[in-house]
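First the structure, in the form of structure tokens, and then the observations on it.
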Amino acid sequence: MSIELTFLGHSAFLITSGDHRVAIDPFLTDNPTASMKAEDLEVSAIVLTHGHPDHMGDAESIAKKRLATVYAPFEVCSYLGNQLDEANLEPANPGGRVDAPFGFVAFTQAVHSASHDGRYMGVASGIVLNIGGKTIYHAGDTALFSDMKLIGELYKPDVAILPVGDRFTMGPEHAAIAAEWVGAPIAVPCHFGTWPLLRSDISAFTPKGVEVRKLTPGQSFTL
């Protein structure tokens, strides 16, 4: 079965396959690059990499409106449990896998911090999303780390979504190495140019043997 991957801006993506519509890190309100409004995003599930506001974003409001299931690190689900029905929360941690109606969500290591309004939100994670017979690795916010090779070996992703904006994550040079280590045939850059502190020139993101698909917000491709 084919899947469609749509870039929503910053680190937010919409993955669709059949009746399944999964949002990753749906930060739309206050996102100057967002391609749509939060209230217009129709999803059946939301996957969050960590608890920073530019990733949790509109997860709570979207989950309430759409009765969507939220897959997220344990502490993020604990925070959202004050606002959402616990039946719609699927907590996990790096190394763990959660089966889902569309396939599965697995959480991986990421080298980053995680907090929300001064509250500790657990460890930051990357996620592996299996949907429609395809596998997508979204690294979340992270530095380069050598176990990206292991993530590639374990999950053999079809697409790697990698942050490239520098300062708070990898820059394009390190992200190019990450793409090569993960080994997915397609790499999609994200988390760049949203604000002046993030690099907008990512011309150095040129991994060897990997097709780079640089998407503008709202742009999609099909696997």
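The values are calculated or read from the model by the stated rules, or taken from the named source; none is laboratory data. These numbers were taken from a predicted model, which means no experiment stands behind them. Note that each Cβ is placed from the backbone with ideal geometry, even for glycine, and that neighbours are counted across all protein chains shown.
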Failed item in (1) over 22 Å from S220 (Cβ atoms); (2) touching a strand residue (DSSP E or B) at 6+ places or on another chain (Cβ under 6 Å), with I15 passing the rest: (1)
Set T29, T33, T16, T49: member being in contact (Cβ under 8 Å) with a residue 60 or more places away in the chain, over 20 Å from T108 (Cα atoms) and of a type in the set (V, I, T): T33
Residues being out of contact with any strand residue (DSSP E or B) (no Cβ under 8 Å at 6 or more places or on another chain) and of a type in the set (A, V, I, L, M, F, W, C) - total across region 49-89: 2
Meets criteria (in contact with an Asp or Glu (Cβ under 7 Å, 6 or more places away or on another chain), modelled with pLDDT of 95 or more and on the phi < 0 side of the Ramachandran plot) for P163: yes
Qualifying residue in region 192-211 (condition: touching a Pro at 6+ places or on another chain (Cβ under 8 Å) and within 17 Å of H112 (Cα to Cα)): yes
